Structures are given as C-alpha cells and as structure tokens.
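The values are calculated or read from the model by the stated rules, or taken from the named source; none is laboratory data. If you're wondering where the values come from, they're calculated on a predicted model, not measured in any experiment. Ideal geometry is used to build each Cβ from the backbone, glycine not excepted, and the neighbour counts take in all protein chains shown. Only protein heavy atoms, including side chains, enter the accessible area calculation; ligands, DNA and RNA are left aside. Shrake-Rupley method; radii C 1.70, N 1.55, O 1.52, S 1.80 Å.
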Amino acid sequence: MKKLTSRIDKERLLLGIAAPLLAIVAALVVTTLVILATGKNPGDAFSDMVTYGFASDSQVYILNKATTYYLAGVAVAIGFRMNLFNIGVDGQYRLAAFVAAVLGGALTVPGWIAIPLIVICAMATGALWAAIAGVLKVTRGVSEVISTIMLNSIATAIIAYLLQPGKLGQLDQAGTLVSTKPLPSSSYFFSIDTGPAGVLWGFFVIAVVVGVGYWFVLGRTRFGFDLRTVGQSDTAAAASGVGVKKMVATSMIISGAVAGLIGMPTLLNDSHQFSNDFPAGIGFTGIAIALLGRNSPIGIALGALLWGFLERTTNHLEFQGYDKEILGVIQGVIVLCVVIAYEVVRRYGLKRQQQRVGAELAAQAAAPTKKQEVA
Amino acid sequence: MKILYGMQQPDEGTIKVNGEPVTFSNPGDAIARGIGMVHQHFMLADNLTVLENVVLGAEKLYGIGGKARTKIKEISDAYGLGVRPDVLVEALGVADRQRVEILKVLYRGARTLILDEPTAVLVPQEVDALFDNLRELKAEGLTVIFISHKLGEVLSVADEITVIRRGTTVGTAEPRSTTSKQLAEMMVGSELPTPETEESTVTDVPMLTVDKLHLSQTDLDGVERIILDEISFTIHKGEVLGIAGVEGNGQSELVEAIMGMRNPDAGVVTLDGDDISHTPTRRRREAGVGYIPEDRHRHGLLLEAPLWENRILGHVTERPNSRGGLLDIKAARTDTERIVRDYDVRTPGIEVTAASLSGGNQQKLIVGREMSHNPKLLIAAHPTRGVDVGAQAAIWDYIREARREGMAVLLISADLDELIGLSDTLRVMYRGRLVADADPATITPEELGSAMTGAASGHLEHTEDDER
C-alpha cells in the first residue's frame with residue numbers, strides 16, 4: 001500500500017517536470033528551424049545566448065526584469081486559481097504606477113513613510129481598478145475578460161489625459177518626454193550595487209515576500225482553500241459553504257492589489273517617475289508567465305527568470321546579426337507548447353492514476369474471492 | 001459500456017459484432033456497427049420537437065422533413081413506442097423522453113441497444129411499460145444490453161445475466177433458475193443485507209422544522225414558476241423522513257433551500273430551535289447539517305483534488321481541518337486515513353484524486369466526512385445512486401447508525417425500496433408540493449408510485465386487494 005502511494009507521488013513529480021521540459025524542448029526545436037530558415041547557424045546563436053546570458057551583468061539584469069515579471073505572474077495566477085482570467089492586470093498596474101508616482105512626487109516626508117505610502121497607494125489603485133470588474137461580474141454577470149480588456153483601454157485613456165504638461169505631467173528639458181514629478185531621492189527603494197555587473201533592485205525582496213505569501217495563503221489557510229475550491233468547482237464550493245460571489249470579488253481585488261505592485265520595482269528602483277515611456281504590456285507577459293509556471297509560486301519564479309533570460313540574450317543576438325523577432329517566436333512557441341503539454345500530461349496522468357487505482361483494487365479483490373458461477 | 005459505445009478505448013481484449021472483430025475509436029464507429037446507447041441522463045434538447053431531436057446529427061439518413069417523420073412513425077408503430085414527432089421535448093414526461101431516446105437510437109439503425117440504468121428515473125408503472133417496449137424490440141430480433149443495479153428488474157427482463165464486480169466479470173446467470181438473492185450475492189461476493197431498519201428510535205424532540213416553505217423562479221420568458229409550494233414537515237431526533245417523488249418535482253430545490261444554497265421566498269426553516277431560514281450555508285454546516293448531495297461530482301467532491309483535500313471540503317472551518325484561520329493539513333490527513341479505514345473506502349492512498357475512485361467509494365468518503373462532524377441533521381439525497389451493492393449496504397448501515405445515534409435524517413430517493421426500508425415517515429412530493437404521506441410499514445412501491453405520478457394524494461392507506 002505504502003509502496004504504491006510513494007510510486008504515484010514520484011510519478012506525479014515526474015509528470016510535473018515533464019510538461020515544462022517538453023515545452024522548452026519543443027520551443028528549442030521550433031526556434032532552431034526558424035533560425036535555419038533565416039539562413040543562420042542556430043548552434044552559434046544558442047551558444048551565444050548561453051555565454052552572454054550567464055555573464056554577471058546579465059544575471060543582474062535578468063533578476064531585475066524577473067522581479068517585475070514575477071509580480072505580474074503572481075497577479076495573474078491568483079485569478080487563474082479562481083478560474084478568473086484577469087486580462088486587466090495590464091491596466092491595473094499602469095494606472096497604479098501612475099497614481100503612485102504622482103503621490104510619490106508630491107510627498108515631502110521621509111522615505112520610511114513615503115515608500116510604504118507609495119506602495120500601498122499602488123496596491124489600492126490596482127485593487128480598486130480590478131474591483132470594478134469583480135463587482136460587475138458578481139452583480140451583473142459581466143465576463144471579467146471583456147470588462148478588464150475595456151478597463152485596460154480606459155486606464156490608457158485616463159493616464160494619457162492626466163499625463164500632460166499642466167495637468168499632472170511635466171515636460172523634460174529635452175522637450176520630448178512627459179513625466180510625473182520625479183520622486184525625491186529619499187523615496188528611492190534600496191538597491192544593491194554589485195559593482196561592474198550593475199545595480200540589483202531591492203524590490204526583489206518584496207517579490208520574494210509576495211511569492212511566499214501567495215504560497216502560504218493559498219496552501220495553508222482556510223481562505224486559500226476556499227479560493228481553490230471555487231476555482232476547481234463553484235458548485236461544490238457553494239455546497240460546501242463558500243460564498244462564491246464574495247470570493248470572486250475578493251480574489252479579483254487581491255489580484256488587482258498584487259498587480260499594483262508590478263510597476264513598483266521600475267518606479268522605486270529605476271525610473272523614479274512615470275513617463276510616457278513607462279514599460280507597458282507587462283500584464284500580458286504575466287499571463288504567459290503564470291501559464292508557464294503552472295500557477296505555482298516556484299514555477300512562476302522560473303518562468304519569470306526564463307523570460308528575463310530570453311529578453312536579455314535575444315537583444316544581444318540582434319547585435320550578432322540575427323533577427324530580433326526571434327524573441328517573439330521563442331516566447332510564443334514556449335507558451336503554446338506549455339499550454340498543450342500541460343493539458344496532455346494532465347490527462348495522461350489522470351488516466352494513468354485511474355488505471356493504477358483500478359488495477360490495485362482488482363488485485364486486492366482477486367485474492368480472496370474466486371470467480372463463481374450461479375446457474 | 002463506454003468502450004462498447006466507442007467513448008473509450010480498451011487496453012486489450014476484443015469486441016466482436018456478429019462474429020466480426022471490431023474496434024471503435026469513437027461513438028460514430030459504434031453507431032455504424034449498429035450499436036446504440038441510451039444514456040442514464042437524457043441527451044435531448046428541451047426546446048426542440050421530438051422530430052428535431054431525433055434527426056439532429058443524423059440529417060443525412062432521411063433528411064429533416066416528411067421522410068424523417070414517416071420513418072419515425074414507422075419505427076414508433078413497429079415497436080409500440082407511441083412517440084409523437086411534433087411535440088416539444090420539454091412538454092414530455094420522463095418516460096416519454098426515454099422512449100424518444102430509444103427511438104433516436106433505432107432511427108440511426110441500431111441493432112444492439114445499450115440501456116444504462118434506464119429505470120432509475122421511472123416509477124414502477126413506467127418501468128413495466130418500458131419492459132413491454134424492450135420485449136417488443138427483442139421480438140423484432142434486436143439485442144438489448146440492460147445495465148441496472150436493480151436485481152428484480154434484471155431478473156424479470158433479461159434472458160441472460162452477466163455480473164460485473166470491480167471491473168471484472170464474476171459470473172453469468174440464467175434468470176429463470178436464479179433468485180435475486182443469489183444474484184446479489186454474486187454482486188457483493190457475500191451475504192446481502194436489506195434496507196430494513198430495526199425498532200423505532202423516533203423521539204418527540206423536533207430537530208428540523210420546515211414551515212410553509214415557498215420558492216418560485218422567473219424563467220427566461222418572464223414566466224414565474226412555483227418550485228416549492230407550502231412545504232411543511234418536521235423531523236424529530238432519531239427519525240428518518242423519506243421523500244418519494246419522480247425527479248424534478250422540487251426535491252433538489254428543497255434540499256438546496258435547507259442547505260442555504262437557495263434563498264426561499266417565504267417560510268421558516270428551524271434547526272434544533274434556531275431559525276436558519278436565511279443563514280449562510282457555512283453557518284448551517286457548522287450548526288450541524290451533514291449533506292450527502294444527489295450529484296456528488298457537482299456538489300460533493302473536488303474531482304481533481306486528492307482525497308485529503310476532499311475531506312476538508314465543506315468543513316474547512318471545523319476541527320480537525322483547521323485551527324483559527326490556518327489549515328491543519330497534518331490533522332486533516334490523519335483524519336482522512338481514519339475515514340478511509342473506518343468507512344472502507346477502497347483506495348491505494350489518500351493522495352489519489354477523488355476522480356480515480358469508483359462511485360461507491362467516492363460516496364463512502366462523502367458519508368464518512370459528513371458523519372465525522374456529528375451532524376444533528378443528515379440530508380441524504382439519493383445516497384446510493386450509482387454505487388455498487390456492497391457500498392449500498394454499507395451506506396444504508398451508516399444511515400441506520402445515524403438514526404440510532406439520534407440524528408434527524410432527511411432521505412430523498414428514487415429507489416422506493418430504499419425509502420420504504422429506511423424511513424420512519426414517508427412523504428410524496430409532486431410538482432413542488434408534498435401531496436401525500438404514507439406509513440412505510442405497510443405501503444407497497446406500487447402504491448407509492450401512483451402518488452408519485454399525481455394519481456393519488458392525501459394519506460395513502462395500504463389496501464389488501466392492491467397486492468399482487
């Protein structure tokens with residue numbers, strides 16, 4: 001009995017690793033073909049990616065990027081765990097970063113008050129923006145996919161309207177960039193200077209905290225259990241006493257709050273202001289990373305690192321004469337492969353387990369009773 | 001069965017139709033070989049007519065017009081099915097729908113019919129009518145595979161019986177020379193118990209009182225439909241109240257109203273002296289309501305979660321599953337192992353997903369889970385539906401034990417023998433109302449059946465000449 005249980009577990013672990021591995025191998029194959037098709041040598045490209053990607057300055061760059069991506073992945077994953085597709089992470093974080101940047105620029109208090117205020121303001125803005133979609137869903141049955149896509153556009157419009165000279169924005173000296181009032185240097189988040197390799201963003205620590213919190217709340221608390229229950233079966237959740245509507249709204253708000261953090265590493269560690277070249281589209285990257293990481297806190301971390309690695313290395317490939325579109329191809333292929341591989345592996349695993357359980361029970365039953373004939 | 005109909009592929013072994021070995025990779029292949037299946041849950045579109053339902057997906061055979069209508073008439077008359085092609089399916093009763101399903105299969109040229117638990121939703125009179133139809137089919141040279149948990153029915157309708165237990169054939173039997181007891185023993189592999197309770201344990205302390213419960217729903221056309229009307233009853237400690245009725249007469253909604261999953265428009269539900277008419281489901285569960293849902297896959301389990309998580313489901317706020325706001329995973333797992341042991345859940349471990357257990361073992365896990373929190377009231381909706389005879393007997397035992405320990409049990413079932421055998425009091429539900437009551441000690445399934453179709457109401461008295 002014990003033996004079989006452990007075997008199933010080992011197998012589950014193996015299957016768990018099989019899916020992402022399968023996806024990455026498939027992506028490598030497709031990328032190889034694409035590079036070959038452009039008439040270049042894929043072997044050189046890959047070796048360049050590896051040597052360049054593991055250089056120490058690249059490592060810092062990748063970690064910084066991954067911090068942002070990780071937060072985005074977690075924000076999306078919270079929705080996924082609930083069967084909610086929060087496409088609005090993108091609008092939520094941009095609006096949150098903008099509002100937080102405006103607040104940060106206006107604050108003249110010491111950093112230990114200002115930084116938490118900025119972060120909380122960002123989370124609240126993200127949560128509020130997501131809450132609109134959440135409330136619409138539970139009260140009027142509006143699909144969160146539709147409403148969050150629209151809210152993304154609205155967020156873009158609001159930011160564009162407010163980020164103008166004379167409103168909340170100001171023109172820089174060159175006269176090309178409109179940005180909010182820069183944060184005073186007291187409000188900069190701490191960072192670690194690694195010398196020639198570059199500066200490691202301190203917000204990295206917050207991302208780790210968010211990851212641990214995500215794991216703990218989902219896996220170890222009653223609230224997390226309720227949330228996962230709704231995600232797996234809302235009918236069973238309702239019968240078990242979870243207020244499904246309340247849960248949908250709550251998780252949407254939490255997802256939005258985490259989304260609010262996405263812009264913080266850039267704002268507090270890097271740009272220190274919100275300008276019209278503030279990174280956009282990270283919400284969508286978050287979707288890909290959440291899928292890749294299978295909504296698990298560790299998986300998302302690996303996904304975020306992989307994304308950072310790919311961006312860093314393919315940028316470099318461009319200088320080596322390869323087409324920069326390779327990045328998009330690799331990323332797209334990985335996401336596609338991951339989605340397919342997970343589903344295939346999941347079904348296979350479920351079927352296999354059923355067969356094993358059946359076989360085990362049949363073996364148990366066959367021992368004491370023999371076939372009998374009544375006629 | 002799924003393999004025979006091409007919905008799943010076998011690992012090994014062969015299927016022969018008319019002596020020819022065949023492989024089915026999808027239901028289409030099976031249909032092409034003349035195998036048709038009538039599912040336990042009907043696959044009909046309510047808002048289409050019978051004709052439209054029959055031709056749906058088989059338009060190529062006889063078109064969708066007059067030719068198809070003629071063909072349907074022809075089949076209907078040949079086998080005495082009495083199907084009217086132009087009636088909307090939603091206007092049909094369960095028995096008529098089933099005949100439409102059979103006709104659908106025949107229309108596609110089936111020579112072998114698989115019927116999966118066809119009698120589960122029928123009252124005894126309708127079962128007899130179905131059997132007449134089946135004999136008609138047989139006389140015309142068709143083959144019928146009749147799958148059922150109900151031994152009496154199998155014995156009366158079959159020419160040859162194969163008993164399958166835990167995925168293997170345990171034997172074949174000849175109905176004429178076999179008693180249902182022998183057959184049942186083959187199925188369980190041991191002596192079979194009957195659903196009979198011992199001496200009464202009914203007390204006069206009311207545990208659950210439902211008073212004038214009313215629930216109505218406005219459908220898409222804006223028409224208000226009354227689902228529950230003036231429902232009143234009391235269950236005392238140690239009493240099993242059985243509710244008989246053809247499915248879809250408001251039983252599910254009644255259960256959901258008592259569980260707090262639906263908000264009644266009027267009426268009062270009192271549990272052990274506390275008004276719980278509008279308290280949330282979780283508080284009701286914490287107050288001591290155990291729930292064995294009629295559809296365990298939808299309401300009772302997380303199919304893709306391991307057994308120990310399923311043990312937490314519904315009782316996440318209670319010990320041993322959690323302490324404060326935190327889950328106590330270790331305690332929950334230990335307790336799952338206890339349930340697996342005590343309630344004889346056949347599983348290789350508590351890490352396997354609920355989906356990989358058989359229906360009977362899933363149900364035993366649910367029963368074990370609900371009983372582990374010492375409920376005051378146990379709601380058992382079709383507790384033995386789709387479970388094997390062994391698990392059925394065990395579940396009956398647990399319900400009897402619950403009653404002995406002074407719980408109030410609300411039993412809803414379509415299995416009249418189960419209802420009569422386990423209940424202390426019987427009520428019949430018809431179109432959202434409790435129309436009749438009966439004494440389980442004297443009533444027969446046939447008499448109950450007539451009240452279930454609305455033919456009788458009030459207090460049902462057993463009459464001697466009604467006995468066969």
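Points worth noting:
- Rounded to 10°, Cα long-axis angle of helix A:144-162 versus longest principal axis of chain A: 10
- Take the accessible area of A alone and of B alone, subtract that of the pair with a 1.4 Å probe, and the total buried over both chains is about 3700 Å².
- Contact order normalised by residue count of chain B, Cα under 8 Å, 6+ apart, percent: 14
- Taken over the Cα atoms of the protein assembly as shown, the convex hull encloses 222 Å³ per residue.
- Within the protein assembly as shown, antiparallel bridges make up roughly 55 percent of the DSSP beta bridges whose residues both belong there.
- Positions from the stretch B:265-291 whose accessible area shrinks by 10 Å² or more when the full protein complex is built, not the chain alone, probe 1.4 Å: B:T281, B:R282, B:R285
- Ordering B:V409, B:T203, B:P27 by Cα displacement along the dipole of the protein assembly as shown toward the positive end leaves B:P27 in first place; charges were set at the Cβ atoms of Lys, Arg (+1) and Asp, Glu (-1).
- Heavy atoms of A:F225: accessible area, 1.4 Å probe, square angstrom to 10: 10
- Of the residues B:T49, A:T176, ranked by 1.4 Å probe accessible area with the largest first, the sequence reads A:T176, B:T49.
- Derived scalar couplings between HN and Hα for the stretch A:95-104 equal 5, 4, 5, 5, 4, 5, 5, 4, 4, x Hz in order, rounded to whole Hz, by the Karplus curve 6.51 cos²θ - 1.76 cosθ + 1.60 (θ = phi - 60°), x for Gly and Pro.
- For the cross-link pairs A:K245/B:K376; B:K16/B:K364; A:K65/A:K246; A:K181/A:K324; B:K237/B:K364, the ones whose C-alpha atoms lie over 32 Å apart are B:K16/B:K364; A:K65/A:K246; A:K181/A:K324.
- Computed about its Cα centre, the charge dipole of the protein assembly as shown is approximately 3060 debye, with only Lys, Arg, Asp and Glu carrying charge at their Cβ.
- Probe 1.4 Å - accessible area at B:S216, Å² to nearest ten: 30
- Cα-based convex hull, the stretch A:64-319, per residue volume (Å³, whole number): 139
- Loop-resident sites, the stretch B:1-77, for GluC sites (Glu not before Pro), counting at most 11 other Cβ within 10 Å (DSSP): B:E12
- Kirkwood Rh (inverse of mean 1/r, distinct Cα pairs), chain B, angstrom: 24.1
- Whichever aspartates and glutamates have a C-alpha closer than 19 Å to that of A:K40, once near sequence neighbours (fewer than 8 apart) are set aside: A:D48, A:E318, A:D323, A:E325
- Solvent exposure of chain B amounts to 44 Å² per residue of accessible area, where only protein heavy atoms count and the probe is 1.4 Å.
- To the nearest ten degrees, helix A:56-81 and the longest principal axis of the Cα atoms of chain A are 60 degrees apart.
- Surface analysis of the stretch A:262-308 yields an accessible area of 31 Å² per residue, using protein heavy atoms and a 1.4 Å probe.
- Helix-derived mean residue ellipticity, 222 nm - over the protein assembly as shown, DSSP H n ≥ 4, -39500 (n - 2.57), to 500: -16500 deg cm²/dmol
- Note that the stretch B:327-341 has calculated 3J(HN,Hα) couplings of 6, 10, 5, 4, 5, 5, 5, 4, 5, 5, 4, 5, 4, 4, 6 Hz, one per residue in order, obtained from phi through the Karplus relation 6.51 cos²θ - 1.76 cosθ + 1.60 (θ = phi - 60°); glycine and proline are x.
- Peptide B:254-261 shows a mean partner chain C-beta count of 2 within 10 Å per residue C-beta.
- Measuring nothing but protein heavy atoms, the accessible surface of the stretch A:73-223 at 1.4 Å probe radius is 72 percent carbon and sulfur.
- On Cα atoms only, tilt of B:94-107 relative to the major axis of chain B in degrees: 30
- Taking trypsin sites (Lys or Arg not before Pro) as exposed when DSSP calls them loop and at most 14 other C-beta atoms lie within 10 angstrom, chain A has its longest site-free stretch at A:1-166.
- Antiparallel content of DSSP bridges confined to chain B, in %, to 5: 55
- Figure note: B:R225, B:R346, B:R311 ranked by solvent-accessible area, largest first, 1.4 Å probe, ligands and nucleic acids not counted: B:R225, B:R346, B:R311.
- The spacing between the stretch A:52-96 and the stretch B:323-374, judged by their C-alpha centroids, is 37 Å.
- Unit charges on C-beta of K, R, D, E only; dipole of chain B, Debye: 1680
- Of all accessible heavy-atom area on chain B, the percent that carbon and sulfur account for (1.4 Å): 47
- The alpha carbon centroids of the stretch A:164-192 and the stretch B:71-131 are separated by 75 Å.
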